[in-house]
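*Asks:* This is the structure, below, for whatever I ask next.
The values are calculated or read from the model by the stated rules, or taken from the named source; none is laboratory data. Just so it is clear, the model here is predicted, and its values are computed rather than measured. For neighbour counting, all protein chains shown are included, and Cβ atoms are generated from backbone atoms with ideal geometry for every residue, glycine included. To get the accessible areas, we keep the full protein, side chains included, count just its heavy atoms, and leave off ligands, DNA and RNA. Shrake-Rupley method; radii C 1.70, N 1.55, O 1.52, S 1.80 Å.
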Amino acid sequence: MTPTATSPMNQPLLCVRGLRVAFDGKEVVHGIDFDIAPGEKLALVGESGSGKTVSALALLRLVQNAQLCGSAQFQASQPGRASAARDLLALPERALRAIRGKEIAMIFQEPMSALNPLFTIGDQIAETLELHEALGKRAARAAAVELLAETGIPDPARRAGAFPHQLSGGQRQRAMIAMALACQPRLLLADEPTTALDVALRAQILDLLDALQRRHGMAVLLITHDLNLVRRFADRVAVMENGHLVEQGAVADVFSAPAHPYTRRLIDSRPVRDVAALAPGAGRDTGVLEAQRLRVSYPVAQAGMRGWFRKGEFVAVKGADLRIARAETVGIIGESGSGKSTLALAALGLTPYRGALRIEGKAWQGRARLDRPLRRVVQVVFQDPFSSLSPRMTIEEIVGEGLAVHASQLSLAERRVRVVAALADVGLPEADTRGWLTRYPHEFSGGQRQRIAIARALIVQPHLLVLDEPTSALDVTVQKQVLGLLQRLQRERGLAYLLITHDVAVVRAMAHRVLVMKDGAVLESGAIDTVFDTPAHDYTRQLVAAAQG
């Protein structure tokens, strides 16, 4: 597809033509073309597997064992020097190393994986300055502290001495941005820079990137599947599907009148509310889950001599009240560290708590044999299906595992019949006929894995599902499918859901009521329309505003 022309006043900073990427002869990127002008923000959009991240990494030849074709002409010079276009795909490795980090920098998707756990944040930023700017150790360290301050990290001198695991998710992402901007690059490649962050931090990071982009005048290639982020941040958008660049143009033009069916499908993939109203009297009968004054705390070390004799206490959940009726969905929303996942762990009987918590009138006893009947009543679907499904078990073993515990009287043949039925219930009717039962999780797509995780939870016929960020790891089109599946299962089976998320759109689509949490406390709760349309607390208003972009 022919790229949109850049401004006549600006020669393209990067001109990509005919980029092809293949592995072992199998092509995954099929001859794409695009330009980026100096100071421009271009978003490369598509679902997982579309080729967008591979295309960006290929520009710096960071994809191992890949065969690359085409050209990527980059104006490899700092301002004030004569321009000289150089083909990134043809440069010798030594010449390309001089460009990586200095003139083209990259922010990777998961900072916890991209940062070295053995070195402090300050040392990792300083290393870039020592390598590309020839600064001494002391000067590089001082510059690293200044960069951290520029990204808004509080107490940057102290944080420079911290290791990655000692920072929050938002702080790690800011540190990654500081490292990328250390040498004032002309082009920044940002691969899903906000995906792992909650909605409030996402807005902060986006505002930070926007401000730094304007201040330094750099161009940005943003790789994402978040369309709200594209609307808010980018000047132009290029849409990829199955390795092909199917459409590109100004953001306003593409979003208002998409020309390609795939682009229209992406734009139409917002969560849709299809939730049945609660039956009359649902608020008066015994709830599936009831909690009063629920409190969860953890011991922490105290500084100084006091820590020798006694532990301190961190209160993760502060006196929460919660009730879920049959066929009701209650959403719990809040930023990372708000206590929402800890509350879910208490509901599952997986962490000690104080106060009252009952599942269908029965309390957790803290003993495996006594709690076994409740384990059938309440099941959980985790955030990342790739991590939550054992890579050493087949799909039949994973889905049928609950039957081995709660229906041990079944024969292997009877168990298989129920496994096939559970997979059919979640939209995988081909499981028995296509040999899926003997396959392993890595052989399935992200959406299929999440359906398998839901089947595993449903096979023991629970009454309550705890959904811990069930769609945050999925593409927008797959997210819409999974939410539709959960809505259908609730209508057909009368399931109750405890939905843990930071996504306001998902809560609006799924929940009857919502609790807003911050710093372990429930700030407000009520019917979904009341809380989100007329929020009583400033924090709730901030969440809603951030979600709207």
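*Asks:* Taking only C-alpha pairs under 8 Å that are 6+ residues apart, what is the relative contact order of the chain in percent?
*Replies:* Relative contact order comes out at 14 percent.
*Asks:* Can you compute the helix-only [θ] at 222 nm over the chain? Use -39500 (n - 2.57) per DSSP H run of at least 4 residues, normalise by all residues, nearest 500 deg cm²/dmol.
*Replies:* Numbers: 22 runs with 207 residues, N = 549.
Theoretical 222 nm ellipticity from helices: -11000 deg cm²/dmol.
*Asks:* Share of the chain's accessible area from carbon and sulfur, percent, 1.4 Å?
*Replies:* 51 percent
*Asks:* Give the accessible surface of the chain per residue, rounded to a whole number of Å², with probe radius 1.4 Å and ligands, DNA and RNA excluded.
*Replies:* Here the per-residue accessible area is 45 Å².
*Asks:* Let me ask another. Could you compute how much accessible surface PHE119 exposes when probed at 1.4 Å, giving the result in Å² to the nearest 10?
*Replies:* Accessible area, nearest 10 Å²: 110 Å².
*Asks:* A further question follows. Could you pull out the pairs from LYS41/LYS340; LYS311/LYS340; LYS41/LYS480 whose alpha carbons sit more than 26 Å apart here?
*Replies:* LYS41/LYS340; LYS41/LYS480
*Asks:* Mind checking which of ALA219, SER297, GLN171 is farthest towards the positive end of the chain's charge dipole, using Cβ charges of +1 (Lys, Arg) and -1 (Asp, Glu) about the Cα centre?
*Replies:* SER297
*Asks:* For TRP308 paired with VAL405, estimate the spin-label separation in nm (one decimal), with each label point 7 Å from Cα along the Cα-to-Cβ line.
*Replies:* 4.4 nm
*Asks:* The range 491-545 to the range 368-418: how many Å between their Cα centroids?
*Replies:* Comparing the Cα centres of the range 491-545 and the range 368-418, I get a distance of 30 Å.
*Asks:* For labels at GLN166 and ASN65 in the simple 7 Å Cα→Cβ model, what's the distance in nm?
*Replies:* Those two pseudo-labels are separated by 3.8 nm.
*Asks:* Right, here's the next one. Want the number for GLU133 to GLN365: 0.36 nm per residue separation, take away the alpha-carbon distance, what's left?
*Replies:* Values: separation 232, 0.36 × 232 = 83.52 nm, distance 6.12 nm.
Extra length available between GLU133 and GLN365 comes to 77.4 nm.
*Asks:* For the chain, give me the percentage of DSSP beta bridges that are antiparallel, rounded to the nearest 5 percent. Intermediate values should be presented prior to the final figure.
*Replies:* Values: 47 of 84 bridges.
Rounded to the nearest five, the antiparallel share is 55 percent.
*Asks:* Using a 1.4 angstrom probe and counting only protein chains, how large is the accessible area of ASP371 in Å², to 10?
*Replies:* 10 Å²
*Asks:* Find the percent of Cα-Cα distances in the range 18-62 that exceed 16 Å, and round it to a whole number.
*Replies:* Value for the range 18-62: 41 percent of Cα pairs lie more than 16 Å apart.
*Asks:* While we're looking at this one, here's another question. How would you classify the range 463-516 from its alpha-carbon gyration tensor, with a ≥ b ≥ c the square roots of the eigenvalues: rounded for a/c under 1.5, else prolate if a/b is greater than b/c, otherwise oblate?
*Replies:* In terms of gyration-tensor shape, oblate.
*Asks:* Still on this model: Suppose the chain between SER113 and ALA527 were pulled fully straight at 0.36 nm per residue; how much longer would it get relative to their current alpha carbon spacing?
*Replies:* Contour length minus the Cα-Cα distance gives 145.1 nm.
*Asks:* Of LYS318, LYS480, LYS52, which has the most accessible area with a 1.4 Å probe, and how do the rest follow in descending order?
*Replies:* LYS318, LYS480, LYS52
*Asks:* Continuing with this model, one more query. Can you sort HIS132, HIS165, HIS463 by solvent-accessible area, 1.4 Å probe, largest first?
*Replies:* HIS165, HIS463, HIS132
*Asks:* Apply the Karplus curve 6.51 cos²θ - 1.76 cosθ + 1.60, θ = phi - 60°, to the phi angles in the range 500-511 and return the couplings in whole Hz, x for Gly and Pro.
*Replies:* 9, 7, 10, 9, 4, 5, 5, 5, 4, 6, 10, 8
*Asks:* Evaluate E = 1/(1 + (r/R0)^6) for GLU492 and ARG439, where r is the Cβ-Cβ distance and R0 equals 22 Å; express this FRET efficiency to the nearest 0.05.
*Replies:* The computed FRET efficiency comes out at 0.20.
*Asks:* Which semi-axis lengths, in whole Å and largest first, follow from the square roots of five times the eigenvalues of the Cα gyration tensor of the range 368-453?
*Replies:* Details: eigenvalues 91, 55, 25 Å².
Sorted largest first and rounded, they come to 21, 17, 11 Å.
*Asks:* Could you compute how much accessible surface TRP364 exposes when probed at 1.4 Å, giving the result in Å² to the nearest 10?
*Replies:* 30 Å²
*Asks:* Based on the Cβ-Cβ distance of VAL315 and LYS26, what FRET efficiency does E = 1/(1 + (r/R0)^6) give at R0 = 60 Å, to the nearest 0.05?
*Replies:* That pair, VAL315 with LYS26, gives E of 0.65.
*Asks:* Enumerate the lysines that LYS26 could reach by cross-link, defined here as Cα to Cα under 21 Å, with residues fewer than 8 away along the same chain left out.
*Replies:* The qualifying lysines are LYS52.
*Asks:* Still on this structure, I have one more. How much length is gained if the chain between GLN461 and GLU397 is pulled fully straight, taking 0.36 nm per residue apart and subtracting their Cα-Cα distance, in nm to one decimal?
*Replies:* Contour length minus the Cα-Cα distance gives 21.3 nm.
*Asks:* Okay, next question. Amide H of LEU515: which non-local residues (sequence gap of 5 or more, or other chain) have their own amide H closer than 5 Å, using H built in the peptide plane?
*Replies:* GLY331, ILE332, ILE333
*Asks:* Let me ask something additional. Can you give me the convex hull volume of the Cα atoms of the chain, divided per residue and expressed in Å³?
*Replies:* Value for the chain: 180 Å³ per residue.
*Asks:* What helices does the chain hold that run 24 Å or longer along their axis, going by alpha-carbon atoms, with a Kyte-Doolittle average of -0.5 or more, using DSSP H for the helix calls?
*Replies:* Details: long enough: 199-216 (26 Å, 0.13); 476-493 (25 Å, -0.46).
Sorted by number, the helices that extend far enough and score high enough are 199-216, 476-493.
*Asks:* What do you get for Rg/Rh of the range 40-188 when both radii come from the Cα atoms and Rh is the Kirkwood radius?
*Replies:* We get a ratio of 0.98 for the range 40-188.
*Asks:* Follow-up question, since we're still on this one. Between GLU146 and ASN242, what is the spin-label point distance in nm, taking each point 7 Å from the Cα along the Cα→C-beta axis?
*Replies:* Between GLU146 and ASN242, the simple spin-label model gives 5.1 nm.
*Asks:* Given R₀ = 22 Å, FRET efficiency for ASP274-VAL377 by Cβ-Cβ distance, to 0.05?
*Replies:* My answer for the efficiency is 0.30.
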